[in-house]
1. So, by mean Cβ neighbours within 10 angstrom, what's the order for 32-40, 72-80 with the highest one leading?
2. Note down the nm distance, to one decimal, between modelled labels 7 Å out along Cα→Cβ at residue 54 and at residue 68.
């Protein structure tokens, strides 16, 4: 059985809108949990989307953990956390298009 973590609607909308997510850096679009493995969906600054696993190396940073809405990288003993981006409350209004 496959389990999926729900991607917030704000992130789904932001992933398909221009000039919403930072384009010059990585963006976490979501995570997928299956028995024994969790993967993450990353969008690179060049718009390339990639599914990654624990142990993969992205831009010199090794993925050491994948959580429901975050990826944890390590480089030279320093941990970095990449989370699913949230939009401003103003952009979340139903009338904001």
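Every read-out reported here was derived from the displayed coordinates using simple, explicitly stated rules and does not represent laboratory data. Bear in mind that the values here come from a model prediction, so they are computed numbers and not experimental data. All Cβ positions, even for glycine, are placed from backbone atoms using ideal geometry, and neighbour counts span all protein chains on display.
1. On the way: 32-40: 13.8, 72-80: 11.4.
Ranking, from highest mean packing down: 32-40, 72-80.
2. The answer from the label model is 1.8 nm.
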